[in-house]
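Q: One structure coming up, written as structure tokens, with questions to follow.
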Amino acid sequence: MALLLTGGTGFIGSHTAVEFIQAGLETVIADDLSNSTADVVDRIETITGVRPAFVCADMCDAEAVEAIFSQYDIEGVIHFAGFKAVGESVEKPVEYYRNNLLSTLTLLDAMRRHGCKVFVFSSSATVYGENNPIPYVETMQTGDCTNPYGWSKFMNEQILMDAAKADPSLSVSLLRYFNPIGAHESGLLGDDPSGIPNNLMPYITRVAKGELPHLNVYGNDYPTVDGTGVRDYIHVVDLAKGHLAAYQYAKDHAGTEVFNLGSGKGTSVLQLVETFKRVNNIDVPYVIAPRRAGDIAEFYADATKAEEVLHWHTEKTVEDMCRDSWNWEMKG
Ligand code: WQD
């Protein structure tokens, strides 16, 4: 019996593969390598001492997905594979909807043919839209997304909830990530966006390394602690452990459950920058720039449900996230 991690050579998928392997679970990684490289499998083996099976495949390719389910006895799917750049999704909505939705539908078809009953989905806090009060709670209204990437997560949640309603034996976990940053302590795995990073932490590390001249702080006139955007940063290793806890719960409970995976605490852009500089004893020059279109001033999780149901909560601090991100950047 094995677990299929789609997108398993990506940032969150690779860290989750390490936790699953170290928990003694047989893991199959499938990835089309459109946003990662195959040497991540070598790095996972170096960290764990176990080389997971790896299949280079597009999860929208029904024949390729069928071949995986025919070759391996898949007892659960952790679905990370998907396009995830917010700005790019606005420019290429058709590609985003096709890839992010068809992959899920293709996997559900194969699962039904092979009697696989557990689906853990990589969702996002972005489904809460911009009109919910903070902290976000799983029972809050979702939708009202501000970009096709967010809408594709919302639509996937709807697809999976309806599939579980139609098949009461199916177990679905919808994991709503907040802001994953950090890297494995070994420095062998981390966030490796191609080109100019969209997200804050990879941009900070590139500035610290001297590859970019300065950080643009997108607005300091928000109604927040210091005027800059506030987010719920979660260490990627904590997030990976959250997937393990969710799978272990899902395999014993049919039906659909939604979980926020966040720290429950907010950190501003300037607080993160200052923490990074202090922890790593390095400068990060920045300028205050105009607000970025589509940004929300502040959001963070109510993380109570994951604690109560999964007995999971974050353990690593913002200092850990800053230290591990820099260690990865220097070694990467
Ligand atoms: C964080 C804060 C920016 C870059 C997005 C997606 C979300 C998830 C995580 C995939 C904001 C500020 C950023 C910069 C800045 N992705 N910022 N200068 O937008 O909260 O969430 O990434 O799952 O779905 O929406 O993350 O890191 O882009 O921004 O000032 O160069 O940092 O304004 O306040 P975001 P982010």
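Q: Mind jotting down the three principal axis lengths of region 1-103 based on Cα atoms? Whole angstrom, largest first.
A: 41, 27, 19
Q: Return the whole-Å distance between the Cα centroid of region 302-322 and the Cα centroid of region 229-272.
A: Region 302-322 and region 229-272 have Cα centres spaced 6 Å from each other.
Q: In what sequence do 233, 72, 136 fall when counting other Cβ within 10 Å, fewest first?
A: 72, 136, 233
Q: For the cross-link pairs 84/153; 84/277; 265/305, which exceed 18 Å when the distance is taken from alpha carbon to alpha carbon?
A: 84/277
Q: What do you get for the angle between helix 93-114 and the principal long axis of the chain? Use alpha-carbon atoms, 0 to 90 degrees, nearest ten.
A: Around 30 degrees separate the two axes.
Q: Then there's this: Return 160, 3, 188, 33 ranked ascending by Cβ neighbour count within 10 Å, so the fewest neighbours appear first.
A: Listing 160, 3, 188, 33 from fewest to most nearby Cβ atoms yields 33, 188, 160, 3.
Q: Per DSSP H run of at least 4 residues, take -39500 (n - 2.57); add these up for the chain, divide by its residues and hand me the 222 nm value, nearest 500 deg cm²/dmol.
A: Only helices count here, giving -13000 deg cm²/dmol.
Q: Translational D (Stokes-Einstein, µm²/s) of region 192-247 at 20 °C and 1.002 mPa s when Rh comes from the Kirkwood sum over C-alpha pairs?
A: Using the Kirkwood radius from Cα pairs, D works out to 157 µm²/s.
Q: Something else: Counting other beta carbons within 10 Å of each residue's own, what order do 322, 56, 116 fall into, fewest first?
A: Starting with the residue having the fewest Cβ neighbours, the order is 56, 116, 322.
Q: Could I ask something else about it? Return the ratio Rg/(2.2 N^0.38 Å) for region 207-279, where Rg is computed over Cα atoms only.
A: Dividing the Cα Rg of region 207-279 by 2.2 N^0.38 Å gives 1.54.
Q: Then there is this: Using a cut-off of 11 Å between beta-carbons, work out the net charge of the residues near residue 146 (Lys and Arg +1, Asp and Glu -1, residue 146 not included).
A: Charge balance near residue 146 sits at -3.
Q: Now a separate question. What do you get for Rg/Rh of the chain when both radii come from the Cα atoms and Rh is the Kirkwood radius?
A: Rg/Rh for the chain comes to 0.95.
Q: Moving on. To the nearest Å, what is the center-to-center distance of region 81-109 and region 26-65, using C-alpha atoms only?
A: Centre-to-centre (Cα) distance: 19 Å.
Throughout, read-outs are computed from the coordinates displayed, never taken from laboratory work. Every value quoted in this text rests on a predicted model; they were computed, and no experiment measured them. Cβ sites come from the backbone with ideal geometry, for glycine too, and all protein chains shown count toward neighbours.
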